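K.L.:
Encoded as structure tokens, here's the structure I'll be asking about.
Please treat every number below as a calculation from the coordinates, not as lab data. On a predicted model such as this, the values are computed, not experimentally measured, just so you know. Using ideal geometry, Cβ is built from the backbone for each residue, glycine included, and neighbour counts are taken over all protein chains shown.
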Amino acid sequence: MFSSEDDPSLNWQPPKRPEWVQRVVEEGACMDIRGVVPLDEQSLLQAAVQSTGLSDFGDPEWLTAFRVFIDALEKEANLNLMGRLRIRQEMLLFLKTRLQVEDTYKRHPEIDDEVIRQPILVTGQGRSGTSMLQNVLAANPDYGTLLHWEMLLPCPPPEKATYHTDPRIEQADRWITQWNRVVPTLESMHEFHARMPFECTVVMSIPFQSDAWLAGLVQVPSFHGYIAQSDPTLPLLFLKRVLKLLQWKNPRNHWVLKDVSLLRNLPAVFKVFPDVCVVWAHRDPVRSTASFINMLGTMQWAQSDTPLQAGSLDMMRDPMLSASLFNSVIDLIESGAIPAGQLYNVHYKDLVSDTMGTLESIHRFFGIPLSDAGRAGMAKYLADNPRDSRPAHRYPAVKGQALDRAREVYSRYQNYFGIPSE
């Protein structure tokens, strides 16, 4: 049984805010911030329509999830002025993008004829090396990945000739790098800029039918509960739709995708992408969880004065829930529900100690040729991006009886895959 003493977030301490952020938050305390920054359905939809000149949001099924989310924002998120400003901007970006995607498909139905072939999906527990895997695989010029800027601004579809000089890159970068200005300590935990690969959960959040990004930014446990009961193929189908749009004028041989949340929805992944190649990154779950909670708590701190409240991020804060997720995937493997030839396991220690050897093993397992140009591109990325080029990520360690109990509940997962404790 989970005890509050086992919660790895107990020792978490919020970082000091930059002076300008603290002043915005303090000034907001004497304002009617709900009136100044409205988060209601009419205000948001109307602003998106006026901004784009478009009005067709497509299948209205997404509206239910959207309404659950904005209701949870008001009742559960406890947003400060900075949080309301940032989450309104985030939602407007998503709403405008949805309008533009629908309009582009309406004018160019041939986009739907695009084929997504054998995508590589990196997943696993957060902070287990998934970003490193995605980044280095994406450095292979034979592949394509979702860059952060094109996730937020995919329309009109990027052209191959101007893909790296598109003016939208700088436009998106100002918004994306705001994370570093609002919470400078995040730079030691995760990179945020427009040209880097990022989680495809951002795309899946555009129809508000995935909670992995939205429930990480803000505390919305009722929205998380709603998504847990909804059809997991819906956000994946939207992701596939955007991938087709993005490769229409900028072809990709293999997409390299990453999303840690999809570990809990692998059957849906195989349903939407039947030939997907899944790479599951493994690391000591106690260490990974503590690191991930530190990052998400810091992200929530950017929007609220009371992050990591009860009901927020329970899947990570309760070792029993985290272990149950890993165990459920093991059950799927043992039952044959997950195709054995489409799932490759990577240990963090191997990825760090022999990165190129690990990458070559991944390609051999899936039968994907690794060209000389691909090998050279990945080697150059590793040489240009040493891990020690960023500040060290420091976070409270799990100790004592809480550590002993966590080891017990994670024992099946660690023993099954031979994951060493760190």
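K.L.:
Scan region 34-124 for GluC sites (Glu not before Pro) in coil per DSSP, keeping those whose Cβ has at most 15 other Cβ atoms within 10 Å, and list them by number.
P.N.:
Working: sites: 41, 61, 74, 76, 90, 102, 110, 114; in loops: 61, 114.
Within region 34-124, the qualifying GluC sites (Glu not before Pro) (loop, at most 15 other Cβ atoms within 10 Å) are 61.
K.L.:
Moving on. Just name one of 415, 274, 385: the one whose Cα is farthest towards the positive end of the charge dipole of region 118-417 (beta-carbon charges, Lys/Arg +1, Asp/Glu -1).
P.N.:
Of 415, 274, 385, it is 385.
K.L.:
Pull up all non-local amide H partners of residue 304: gap of 5 or more, or a different chain, and H-to-H distance under 5 Å with H placed in the peptide plane.
P.N.:
Residues meeting the amide H criterion: 80.
K.L.:
Within the set 349/380; 240/380; 96/160; 16/75; 106/249, which residue pairs have Cα atoms separated by over 28 Å? Spell out each step's value before the answer.
P.N.:
Details: 349/380 21 Å; 240/380 30 Å; 96/160 23 Å; 16/75 26 Å; 106/249 16 Å.
Exceeds cut-off: 240/380.
K.L.:
Got the relative contact order for the chain handy, in percent, Cα pairs under 8 Å and 6 or more residues apart?
P.N.:
26
K.L.:
Here's a follow-up. Which percent, to the nearest 5, of DSSP beta bridges fully inside region 118-417 are antiparallel?
P.N.:
Values: 1 of 17 bridges.
Given both bridge residues lie in region 118-417, the antiparallel proportion sits at roughly 5 percent.
K.L.:
Given bins 5 angstrom wide, list per bin the percent of all Cα-Cα distances in region 293-372, short to long.
P.N.:
3, 11, 14, 12, 14, 15, 13, 10, 6, 2, 0
K.L.:
Using only alpha carbons, build the gyration tensor for the chain and give me the equivalent ellipsoid semi-axes, biggest first, whole Å. Walk me through the numbers on the way to the answer.
P.N.:
Values: eigenvalues 185, 167, 89 Å².
Working through the eigenvalues yields semi-axes of 30, 29, 21 Å.
K.L.:
Once amide H atoms are placed 1.01 Å from N in the peptide plane, what residues at a sequence separation of 5 or more from residue 206, or on another chain, have their amide H within under 5 Å of its amide H?
P.N.:
Sorted by chain and number, the residues that satisfy this come to none at all.
K.L.:
Sequence gap at least 6, Cα distance under 8 Å: using those rules, report the relative contact order of region 207-325 to the nearest whole percent. All intermediate terms of the calculation are to be shown ahead of the outcome.
P.N.:
Working: 66 pairs, mean separation 44.9, N = 119.
Dividing the mean separation by the residue count of region 207-325 yields 38 percent.
K.L.:
Next question. Normalising by the residue count of region 241-392, find the relative contact order in percent from Cα pairs under 8 Å and 6+ residues apart. Show your work: numbers first, answer last.
P.N.:
Details: 66 pairs, mean separation 41.4, N = 152.
The normalised contact order for region 241-392 reaches 27 percent.
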